[in-house]
Amino acid sequence: MILFIHPPVAKPAEPPAGIARLSGMLGSRGIKHRVLDANLEGLLHILGSSRRQPGRDDAWTVRAFRRRDQNLSSIKTPVLYRHLGRYKRTVMDLARVLEISSESYGADVGLANYQHEALSPLRSGDLIFAAERPEINFFYPYFRPRLTELLNGHQPGFIGFSLNYLSQALCTFAMIGFLKRRLPGTNILLGGGLVTSWLKGTAWNNPFSGLVDYFVAGPGEYEVSSILGIERPEEASYTPDYRAMPRSDYLSPGFILPYSAASGCYWNRCGFCPEKAEGNAYIPIPAGTAISDLNSLKEQTAPTLIHLLDSSVSPSLMEALSEKGPGVPWYGFARIGRHLTDLDFCISLKSSGCVMLKLGLESGDQGVLDTMQKGIDLGTASAALKTLKKAGIAAYVYLIFGTPAETVTEARKTLGFIAGHHDSIGFLNLAIFNMPVCSGEASGLETRRFYEGDLSLYTGFLHPGGWNRKEVRAFIENEFKKHPAVSAILKKDPPVFTSNHAPFFATDRCVSRW
Ligand code: SF4
């Protein structure tokens with residue numbers, strides 16, 4: 001038996017695409033395996049079983065514990081998503097139960113985070129410690145009996161973990177430590193987005209020997225096949241299999257179907273981007289295959305919403321979706337380009353089910369965009385935002401402040417651009433620039449380590465214009481967020497789940513579809 005595990009903590013809105021893809025590949029070749037969404041199961045276990053500690057009797061905590069069953073049920077009903085205020089309270093109350101319950105473990109856990117007062121996922125020594133002491137992990141009361149029951153009488157040859165986010169790292173290693181103790185002969189595989197970045201984006205010198213037997217970088221089908229000693233896949237891609245996932249348990253108003261039609265990015269030029277810095281190749285699935293996958297997955301899983309996971313959904317896939325897509329609401333990342341200024345094209349996208357596009361605008365200053373090699377013209381961005389608005393597609397705009405080419409002057413131009421287009425922007429994501437350690441840009445700047453830890457993917461740098469993180473943070477908090485037009489957009493953002501739930505709030509018309 002082979003077991004693939006998606007460990008806590010990651011947003012429990014939809015099933016994990018990585019292990020579903022591996023399951024599709026193995027299943028199509030008749031290889032027996034199991035998948036375990038330990039993230040969803042673990043969170044539901046804690047939410048359903050923890051008790052309020054004596055002395056924690058403030059009104060918020062009392063309400064959060066009293067209403068948790070009701071909240072767990074209502075977050076799965078479409079009606080909640082018609083009332084943003086009630087939705088926000090529901091999410092924050094569920095997160096409060098986790099936060100309070102995790103205090104006695106020296107941890108701060110939420111629906112998308114796992115922080116420990118002493119252990120950092122950026123330090124290999126701390127991850128090894130987490131593996132040596134699994135019983136101190138907040139999810140131990142869930143995974144000890146669950147893994148024991150699941151493996152009862154079985155010694156799998158391989159157990160694979162999909163580690164994509166820092167918030168999963170401490171729990172991943174706690175589970176690995178537990179399994180290595182129980183089943184020392186089982187091989188542990190470790191893959192996923194974060195592991196790919198470790199292998200490609202750091203001066204990797206495996207600190208986990210004895211715990212992890214195989215590391216897998218990238219999508220994984222070929223490498224996993226060769227590790228398992230089975231023939232390399234013949235197909236270029238396999239349809240993911242979500243049938244073994246608990247599809248009705250996710251915290252969303254219906255099943256969200258994640259689907260990746262490409263790995264890497266077809267643009268692959270932006271100066272700061274990890275896709276480029278890590279040298280990830282662009283490998284698309286032919287649009288016809290993607291459409292056929294989506295149609296068969298629609299029949300199999302009856303999704304409420306499709307989440308396209310591509311770094312940028314290509315214009316050719318958009319066209320194919322418009323022509324013969326599955327007719328289910330969908331959203332994903334797209335690059336701003338001329339195609340999004342064509343009203344007929346955007347109307348056909350809308351008819352195909354497109355409810356929201358996530359757009360990496362990054363800056364409202366042309367010089368900054370050019371220096372980053374974003375390939376975005378601000379005139380085109382302006383026209384695209386207005387056209388998407390006319391077509392009824394919500395824009396979720398991503399901005400980055402503090403890049404090497406930006407100073408407060410350029411940041412104010414970004415503020416001007418956003419304020420000037422506020423009625424065409426549905427949602428905003430604000431981030432402070434992090435310099436990938438392997439980025440070419442870092443070589444021309446004075447760098448310094450400000451993230452403690454040998455596994456850090458980012459390096460500090462001395463900003464050439466003196467626009468350092470402290471100043472950037474102050475600008476965002478005191479000036480950018482306080483602008484009335486920006487503040488009105490930010491208030492609409494669904495807390496914790498952000499873009500994963502934003503499509504349900506995107507437009508009046510799309511709410512009526514659910
Ligand atoms: S478009 Fe996005 S994913 Fe592609 S290179 Fe630029 S930042 Fe990276």
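Quick one: compute the contact order of the chain, relative version, from alpha carbon pairs under 8 angstrom and 6+ residues apart, as a percent.
Across the chain, relative contact order equals 14 percent.
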Quick one: Cα convex hull volume of the range 238-298, Å³ per residue? 130
Please compute the per residue accessible area over the range 398-504 with all protein chains in place, 1.4 Å probe, rounded to a whole number of Å². 43
If you scale each eigenvalue of the Cα gyration tensor by 5 and take the root, what three semi-axes come out for the range 197-268, rounded to whole angstrom and sorted largest first? 27, 18, 17
Taking only the alpha carbons of the range 6-60, what extent do you get along each of the three principal axes, in Å, biggest first? 55, 18, 12
Give the Rg (one decimal place) followed by the Dmax (whole number) of the range 136-195, computed from C-alpha coordinates and expressed in Å. 11.5, 32
Quick check for me: using +1 on Lys/Arg Cβ and -1 on Asp/Glu Cβ, what's the dipole size of the range 141-237 about its Cα centre, in debye to the nearest 20? 540
Expressed as a whole percentage, what fraction of the accessible surface of the chain belongs to carbon and sulfur atoms when a 1.4 Å probe is rolled over the protein heavy atoms? 50
Taking the alpha-carbon set of the chain, what are its Rg and Dmax in Å? 22.7, 65
Hey, what's the range 1-124 come to in accessible area per residue, 1.4 Å probe, Å²? 41
Mean separation of Cα pairs under 8 Å and 6+ residues apart, divided by the residue count of the range 228-339: what relative contact order is that in percent? 29
For the range 33-174, what mean projected area does the convex hull of the alpha carbons give, in nm²? 10.3
4 °C / 1.567 mPa s Stokes-Einstein diffusion coefficient of the range 277-329, Kirkwood radius on C-alpha pairs, µm²/s: 107
Lysines whose Cα lies under 30 Å from that of Lys200, excluding same-chain neighbours fewer than 8 positions away: Lys11, Lys180, Lys276, Lys358, Lys374, Lys470
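The values are calculated or read from the model by the stated rules, or taken from the named source; none is laboratory data. Every value quoted in this text rests on a predicted model; they were computed, and no experiment measured them. Neighbour counts run over all protein chains shown; Cβ positions are idealised from the backbone, glycine included. To get the accessible areas, we keep the full protein, side chains included, count just its heavy atoms, and leave off ligands, DNA and RNA. Shrake-Rupley method; radii C 1.70, N 1.55, O 1.52, S 1.80 Å.
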